[in-house]
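The values are calculated or read from the model by the stated rules, or taken from the named source; none is laboratory data. In this text, all values refer to a predicted model and were calculated from it rather than measured experimentally. FYI the Cβ positions are ideal-geometry reconstructions off the backbone, even for glycines, and counts take in every protein chain you see. Note: accessible area is taken over every heavy atom of the protein model, side chains too, but ligands, DNA and RNA are not part of it. Shrake-Rupley method; radii C 1.70, N 1.55, O 1.52, S 1.80 Å.
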Amino acid sequence: MVAEVFLVAWRRFGELPEGKALAWLYGVARRTLANAYRSDKHRLRVSEWLKAQPHDEGGDHTEDVALRMEMATAFDALSEADQEVLRLALWDEVASSQGAKILGCGVGAYQVRLHRARKRLKNGLALRLLDGTAPQWDALVQSATTKRGEAGA
């Protein structure tokens, strides 16, 4: 604290009032001490606030990564047409009428293409899972064949 007071005095030496240097130094010391107290209080409040925040333990993400890799491998094995219709429906969440316009076909044809693409993806996952390369059949099949928020299609 003393070092900070004298640093301020050195920097503002030209402003030091003649004959009242000691009183001026006491004023600088009082303000420097008040700033230190405010900083400590603020640091304590921030620390308490951070302690009160919910913590995410992180967890083990290896199963999620393995599932995503299996899904990606099965998806990559599909034809370009199947990938396109699945991207529209599952990733972009395009409605059937919009997807049909994008692909230049009727709504019925779009829905048939989507159904067949989902079925081929499911079968591709089943083949990979039957040979023991992926551990969680149910989770993979469910995520591959259902749209977000959909109970099963």
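Note that the stretch 21-35 has calculated 3J(HN,Hα) couplings of 4, 5, 4, 5, 5, 4, x, 4, 5, 4, 5, 5, 5, 4, 4 Hz, one per residue in order, obtained from phi through the Karplus relation 6.51 cos²θ - 1.76 cosθ + 1.60 (θ = phi - 60°); glycine and proline are x. When a/c reaches 1.5 or more, the comparison of a/b and b/c decides; with that in mind, is the stretch 1-104 rounded, prolate or oblate per its Cα gyration tensor? The shape class here is prolate. Surface composition of the stretch 20-114: carbon and sulfur atoms hold 58% of the protein heavy-atom accessible area at a 1.4 Å probe. Annotation: lysines with alpha-carbon distance below 19 angstrom to LYS41 (same-chain offsets under eight excluded): LYS51.
Each label point was placed 7 Å from the Cα along the Cα-to-Cβ direction; for HIS42 and GLU84 their separation is 5.9 nm. The phi torsions of the stretch 40-50, fed into the Karplus equation with coefficients 6.51, -1.76 and 1.60 and a -60° offset, translate into couplings of 5, 4, 5, 4, 5, 4, 5, 4, 5, 4, 5 Hz, rounded to whole numbers, with Gly and Pro shown as x.
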